[in-house]
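Scroll down for the structure; my scribbles are underneath it.
The values are calculated or read from the model by the stated rules, or taken from the named source; none is laboratory data. Being a predicted model, the structure only gives us computed values, none of them experimental. Glycine gets a Cβ as well: all are built from the backbone with ideal geometry, and neighbour counts include every protein chain shown.
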Amino acid sequence: MMRRVGLLAGPALLVVTLCLARNWAALYDMLIPAVVMLFLTSWAMVLNLATFFSRNDRLLLAIGCAALLLELRMVIEGLVILMQVNGKRLTAVAEPAE
């Protein structure tokens, strides 16, 4: 049961980080643990996928691949949002006050 909860920690921290990025409050306090958890849980899923492949367990292999692809999609969307937030912040600083 603990491994299943651990696999949800990375995406949950990513969502919290993106919510904080909108306000730019304590972003780095959540970004570093989110990156660490995403890396560790992704690596654990890759190891699980190798085990499922070697045991020829197609159902778990398909579910694991789907979970890994969804996590990858969340990371890509998170990076896009962080770039948009950072771009808005940079243009707000660069524009002179009237």
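Filtered by the rule that a residue be closer than 14 Å to A34 by Cβ and surrounded by 15 or more Cβ atoms within 10 Å (Cβ to Cβ), the range 60-80 gives E71, M74, V75, G78. Beta carbons closer than 9 Å, at least 6 apart along the sequence or on distinct chains, pair a first residue in the range 67-96 that is of a type outside the set (D, E, K, R) with a second that is at pLDDT below 85 and not in a helix (DSSP H, G or I) for V85/W24.
Of the helices (runs of 4 or more DSSP H) lying entirely inside the range 1-96, those containing at least 1 residues that are modelled with pLDDT of 80 or more are 27-54, 58-94.
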